[in-house]
Amino acid sequence: MNFSFRKKRISGLLTVVPANESSFIDEMKNFNFPEARSLKLMEVMGYNKRRMVKEGVCVSDLAVHGLQHLFDRGLLKPDEIDALLVVTQSPDHFMPPTSNLIQGRLNLKQDMLCLDINQACAGFVVGLMQAFMLLEQESVQKVVLINADVLSRKASPKDRNIFPLIGDAASIAIIERGNDDAVIHASLKMDGKRSEALVIPAGGLRMPSTAETATLEDVGDNNLRAKDHLRMDGSAIFNFVQLEVPPLIEGLLSRAGVATGAVDYFLCHQPNRFMLQKLADKMKIPHAKMPNNVVERFGNSSGATIPVAIIINLKEQVTQGSLQVVLAGFGGGLTWAAMLIRVGNLAFCDLLEYP
Amino acid sequence: MNEFLTKVAAILEVNEMKSSDELKAFPQWDSLAVLSVIAMLDANYGVNLRAADFDTTTTAEDLWNLVQSKKRV
């Protein structure tokens, strides 16, 4: 389905990443595969370094660290926040919402909306859409959108299918009204029939965690994982992205009347380098216009990867000028979403480490 | 089919491949090889296979026949 928005803008971006770095070379001895094949996988997928939280660190810890940093530097005032959106698949608790926990820990005002959104890799685009809708209300001047996950805690260290690509991060985007009258177009699709492709089978009420669900098992592909762990059907996700994302973006651009060549950058969710290169090839977009270097430096941090891609590749352009970009997220749900938006004149665009 | 065999051989990092060769007999045949073949078939033949499709595929020729049958659909 299609959406359009006017006079909304991203005014600042900060991403918090754990200082704790791990490397594929160190980890590959944990996998049940010949070293040469793991090295080949590293080369093709672009695996190398990634950031993982230390034991016990939760989404609210990363988010509070980032927001406190913005308060301390006068980049955001606590009382300005009229809505706090937290997009996560790894909340601190079932109840209460992680957004309420963050509100409480930072002593924010009561006169505000806290809202958790259960979305994964498409979560930055979904979160922006929700923020723009809230800004239609007179009482909402500023929305803080947080995309945060600590899914390394739900990945099996003996699963070569998922462990080497997962990274943890929390991105904070400040969303407010803007003067630019250009229409912001967005398109989104969902398909719950294919939800099995990305799933954490146990730990909810359908299959509560027990000693049995914590037991590692080999489902026939030499990877060991438990039902408490995140599972990904890699080839199903690959096909999903190749089949569904190009027509979504092409439809978005044609509706907006914007040629592919007029888009400065295609800022996609970062599953791995391989998938992004194949996506760019399929859409006949030069690789330089679709950054793919987030996984090799930080890992795939779900909804936070698009902000990371902007911060590490385009900081100067989006703080000193502006760019016409397509943002595209795709993953768990399944959900795929894209947005054509001008991003620029950001007050800040920084990476911050969580000690 | 020769071009197809050459492409599969390149993915498995072997010099040549015969249509009767069994895919799973290659030590390099793992999830990365499967994904690389899926990507190659998508880019070159417009065919989208799933990893499960390889369960019923033994030789390179079986795979080629599967690709041909999907192309006609």
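For region A:34-53, the condition holds for no residue, the condition being that it is in contact with a Cys (Cβ under 7 Å, 6 or more places away or on another chain) and away from chain B (no Cβ under 14 Å). Between B:SER19, B:SER36, B:SER31, B:SER69, the distinction of being of a type in the set (S, T, N, Q), over 26 Å from A:SER38 (Cα atoms) and surrounded by 13 or more Cβ atoms within 10 Å (Cβ to Cβ) belongs to B:SER19 only. Taken together, A:LYS7, A:LYS29 contain a single residue that is open to solvent by 20 Å² or more (accessible area, probe 1.4 Å), more than 18 Å from the chain's Cα centre (by Cα) and modelled with pLDDT of 95 or more, which is A:LYS7. Within region A:56-66, the presence of a residue that is more than 21 Å from the chain's Cα centre (by Cα), open to solvent by 30 Å² or more (accessible area, probe 1.4 Å) and over 24 Å from A:ASP228 (Cα atoms) is excluded. Which ones in region A:288-330 are in a helix (DSSP H, G or I) and open to solvent by 10 Å² or more (accessible area, probe 1.4 Å)? Residues satisfying the conditions are A:ALA288, A:LYS289, A:GLU296, A:ARG297, A:ILE311, A:ILE312, A:ASN313, A:LYS315, A:GLU316, A:GLN317, A:THR319, A:GLN320. Looking across region B:37-73, the residues that are free of Cβ contacts under 8 Å to residues at least 24 places away in the same chain and among the small types (Gly, Ala, Ser) come down to B:ALA39, B:ALA43, B:ALA51, B:ALA52, B:SER69. Basic (Lys, Arg), open to solvent by 10 Å² or more (accessible area, probe 1.4 Å) and within 21 Å of A:GLU316 (Cβ to Cβ): is that true of A:ARG273 in this structure? So A:ARG273 does not fit the description; no. Put simply, of A:MET290, A:MET275 the only residue that is within 14 Å of chain B (Cβ to nearest Cβ) and either more than 26 Å from A:ALA155 (Cβ to Cβ) or of a type outside the set (S, T, N, Q) (or both) is A:MET275. Take the residues of region A:137-173 that are open to solvent by 20 Å² or more (accessible area, probe 1.4 Å) and outside any helix (DSSP H, G or I): which is nearest to A:ILE102 (Cα to Cα)? Per the stated criteria, the residue is A:LYS142. Among the residues making up region A:29-59, those that are free of Cβ contacts under 8 Å to residues at least 60 places away in the same chain and either closer than 23 Å to A:VAL219 by Cα or assigned to a helix (DSSP H, G or I) (or both) are A:LYS29, A:PRO34, A:GLU35, A:ALA36, A:ARG37, A:LEU39, A:LYS40, A:GLU43. In a residue-by-residue description of region A:109-119, the property of being part of a loop (DSSP other than H, G, I, E, B), open to solvent by less than 30 Å² (accessible area, probe 1.4 Å) and among the basic types (Lys, Arg) applies to no position. With respect to the conditions (1) in contact with a Ser or Thr (Cβ under 7 Å, 6 or more places away or on another chain); (2) charged (D, E, K, R); (3) within 13 Å of chain A (Cβ to nearest Cβ), B:GLU61 lacks only one, and its number is (3). Of the residues making up region B:16-43, those that are touching a helix residue (DSSP H, G or I) at 6+ places or on another chain (Cβ under 7 Å) and within 14 Å of chain A (Cβ to nearest Cβ) number 17. Note on region A:229-267: residues that are part of a loop (DSSP other than H, G, I, E, B), surrounded by fewer than 18 Cβ atoms within 10 Å (Cβ to Cβ) and without any contact (Cβ under 8 Å) to a residue 40 or more places away in the chain total 2. Filtered by the rule that a residue be touching a Ser or Thr at 6+ places or on another chain (Cβ under 8 Å), in a loop (DSSP other than H, G, I, E, B) and among the β-branched types (Val, Ile, Thr), region A:175-225 gives a lone residue, A:VAL183.
Against the numbered list (1) open to solvent by 40 Å² or more (accessible area, probe 1.4 Å); (2) assigned to a loop (DSSP other than H, G, I, E, B), A:LEU76 comes up short only at (1).
Across region A:89-105, a minimum of one residue is classified as part of a helix (DSSP H, G or I) and of a type in the set (A, V, I, L, M).
The condition of being among the hydrophobic types (A, V, I, L, M, F, W, C) and at pLDDT 95 or above holds for only one of A:LEU41, A:LEU13, that being A:LEU13.
Which residues, taken from region A:226-255, are over 18 Å from the mean Cα position of the chain (by Cα) and facing chain B (nearest Cβ under 9 Å)? Of everything in region A:226-255, those that are over 18 Å from the mean Cα position of the chain (by Cα) and facing chain B (nearest Cβ under 9 Å) turn out to be A:ASP233, A:SER235, A:ALA236, A:ASN239, A:GLN242, A:LEU243.
The values are calculated or read from the model by the stated rules, or taken from the named source; none is laboratory data. The model shown is predicted, which means the values in this text are computed figures rather than measured ones. Ideal geometry is used to build each Cβ from the backbone, glycine not excepted, and the neighbour counts take in all protein chains shown. Surface areas here come from the heavy atoms of the whole protein model, side chains and all, with no ligands, DNA or RNA. Shrake-Rupley method; radii C 1.70, N 1.55, O 1.52, S 1.80 Å.
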